[in-house]
Amino acid sequence: MEQNTDVRQKQIEEYKAMVEPLLKYVPWMEQNAGKSGSSSYQGQGIGKNSMSFPVYDANLMRFVKEASGSPLMNRNYSYVYTRNRIKTHDDERRVIAAAELKDWDILGGILSKYVLGGRVKATMWSEALRENIFVSVLRQMEKIIAHWDRTPK
């Protein structure tokens, strides 16, 4: 019994080390909830026949850079979606809200979809910010860690 507790505590310590660097972005994300975190470049020389491109908020870009280097990233996130029948933002929110310690990989998969997928599809970072996916995943991870952490305070 004691051995199981030690193994779980070690796992929680690893999870905490993964999540803590990303939690510093949560206040900014909550403050900008529902906003896109980007705008279209409208500078000089852009004519009506030119293609516009998104300019992202610096905080969002720092978060994406830090998250993409995190061990939370799962390049096979699409399997998380198919295995758990996640198709819509409501499905994502439902799965995130119900996630427990055993579902850590699911939370990482949802986070990965938006962080890694945003490299290919430019709107994904803004979508995750606007739909509160980033905040929801990080808050749920924080909640799981707080529940299971047995480190003396």
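The values are calculated or read from the model by the stated rules, or taken from the named source; none is laboratory data. Remember, it's a predicted structure, so these values are computed and weren't measured experimentally. Neighbour counts are summed over all protein chains in view; Cβ atoms, including those assigned to glycine, are modelled from backbone coordinates with ideal geometry. Calculation scope for accessible area: heavy atoms of the full protein, side chains included, ligands and nucleic acids excluded. Shrake-Rupley method; radii C 1.70, N 1.55, O 1.52, S 1.80 Å.
Listed values, structure above:
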{"quantity": "The stretch 125-137 - residue that is surrounded by fewer than 21 Cβ atoms within 10 Å (Cβ to Cβ) and within 11 Å of the chain's Cα centre (by Cα) and, of those, farthest from Arg93 (Cα to Cα)", "calculated": "Val135"}
{"quantity": "Residue count, the stretch 61-87 (criterion: surrounded by 10 or more Cβ atoms within 10 Å (Cβ to Cβ), among the charged types (D, E, K, R) and in contact (Cβ under 8 Å) with a residue 12 or more places away in the chain)", "calculated": "2"}
{"quantity": "Of all residues making up the stretch 5-45, the number that are at pLDDT below 90, assigned to a loop (DSSP other than H, G, I, E, B) and open to solvent by less than 60 Å² (accessible area, probe 1.4 Å)", "calculated": "6"}
{"quantity": "Ala97 being at negative phi and modelled with pLDDT under 95", "calculated": "no"}
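Table: residues versus (1) open to solvent by 10 Å² or more (accessible area, probe 1.4 Å); (2) under 16 Å from Tyr25 (Cβ atoms); (3) free of Cβ contacts under 8 Å to residues at least 40 places away in the same chain.
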| position | (1), (2), (3) |
| --- | --- |
| Glu92 | no, no, no |
| Lys102 | yes, no, yes |
| Val115 | no, yes, no |
| Ala122 | yes, no, no |
| Trp148 | yes, no, no |
